[in-house]
Amino acid sequence: MELTTVHLVRHGEVDNPEGVLYGRRDGFHLTQLGRDMAAGLAEEFADRDIRAVVASPLERAIETATPTAEKLGLPIQTDRRLIEAGNKFEGVAINKNRLILAHPRYWSWYLNPLRPSWGEPYPEIVARMSGAISAAIDLAAGGEAVLVSHQLCIWTMRRFVEGKPLAHDPRRRECSLCSVTSLKFAGKQLLSWEYAEPVGHLLARAQDMVPGSSEAATNAGY
């Protein structure tokens, strides 16, 4: 069988001075640091057999994918299955004032953290991410594909392939900005996975230095 590697990439740092949970909203772009991260990622992928670059349709994902696609002379394809997880807190400035989360109006949203009741169910995230990965294997059969997505989506998929419960503590996610979670397949059968931070030297300059810290209360992703 052909061996194919699919790299799940989290996007770079986003300009969000108001601290809102931006979720699937338009208009949120990378900071200069985020662009530096994306450029560094392109250098890391330059000598790999990348045959497809696919991004979530959100600006921050496309902007992260752009340097890699340009360096390799590949078009950027978009796949809505890679989009950020749905979340009821979208648009709320929870990253600026955590006390908002304690307001009684939100209590009903916390009834089932295993689902989770405040957002898109974990099994639905796995189903759509699996579909996007399967399509990427077809696009890059025998080579490698880069898929740019979002923290919660990537981490949920990793929990799935590790056979761990999908519900988790967001503060313990290993999925930093512009990190790469690589899945290796023989045909459509997963053989192995690995995690890397190719631009880890830039993380000290980021606002979100601890994986998962900025969305710990709501599993928002980013």
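Worth a mention:
- When residues of the range 115-142 are limited to those that are under 21 Å from A61 (Cβ atoms) and more than 19 Å from the chain's Cα centre (by Cα), the one least open to solvent (accessible area, probe 1.4 Å): A140
- Residue list for the range 66-80, restricted to those being surrounded by 20 or more Cβ atoms within 10 Å (Cβ to Cβ) and of a type in the set (S, T, Y): T68
- Annotation note: Cβ proximity below 9 Å between a residue of the range 71-83 that is touching a residue at least 12 places away in the same chain (Cβ under 8 Å) and over 14 Å from A132 (Cβ atoms) and a residue that is in a loop (DSSP other than H, G, I, E, B) and open to solvent by 60 Å² or more (accessible area, probe 1.4 Å) (sequence gap 6+ or interchain) occurs for L72/R48.
- Search result, residues across the range 81-114 that are assigned to a loop (DSSP other than H, G, I, E, B), surrounded by 15 or more Cβ atoms within 10 Å (Cβ to Cβ) and not aliphatic (A, V, I, L, M): E84, G86, K88, F89, E90, N95
- Among the residues of the range 43-65, those identified as surrounded by 19 or more Cβ atoms within 10 Å (Cβ to Cβ), of a type outside the set (V, I, T) and over 24 Å from R25 (Cβ atoms) are F45, A52.
For (1) more than 23 Å from I83 (Cβ to Cβ); (2) in contact (Cβ under 8 Å) with a residue 40 or more places away in the chain; (3) touching a strand residue (DSSP E or B) at 6+ places or on another chain (Cβ under 7 Å), each residue gets a yes or a no:
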site: L99; (1), (2), (3): yes, no, no
site: P104; (1), (2), (3): yes, no, no
site: W107; (1), (2), (3): yes, no, no
site: Y110; (1), (2), (3): yes, no, no
site: S117; (1), (2), (3): no, no, no
site: P123; (1), (2), (3): no, yes, no
site: S130; (1), (2), (3): no, no, no
site: D138; (1), (2), (3): no, no, no
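- Candidates E43, E90, E70, E124 - the one that is more than 19 Å from C178 (Cβ to Cβ), at pLDDT 95 or above, out of contact with any His (no Cβ under 7 Å at 6 or more places or on another chain) and among the acidic types (D, E): E124
Each row is one residue, and each column tells you yes or no for (1) assigned to a loop (DSSP other than H, G, I, E, B); (2) closer than 15 Å to S134 by Cα; (3) among the acidic types (D, E).
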| residue | (1), (2), (3) |
| --- | --- |
| L147 | no, yes, no |
| L152 | no, no, no |
| R159 | no, no, no |
| P165 | yes, no, no |
| E174 | yes, no, yes |
| L177 | yes, no, no |
| F185 | no, yes, no |
| L190 | no, yes, no |
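The values are calculated or read from the model by the stated rules, or taken from the named source; none is laboratory data. These numbers come from a predicted model, not from an experiment. Cβ coordinates were reconstructed from backbone atoms using ideal geometry, including for glycine residues, and neighbour counts include every protein chain displayed. Keep in mind that these areas ignore ligands, DNA and RNA; they rest on the heavy atoms of the full protein, side chains included. Shrake-Rupley method; radii C 1.70, N 1.55, O 1.52, S 1.80 Å.
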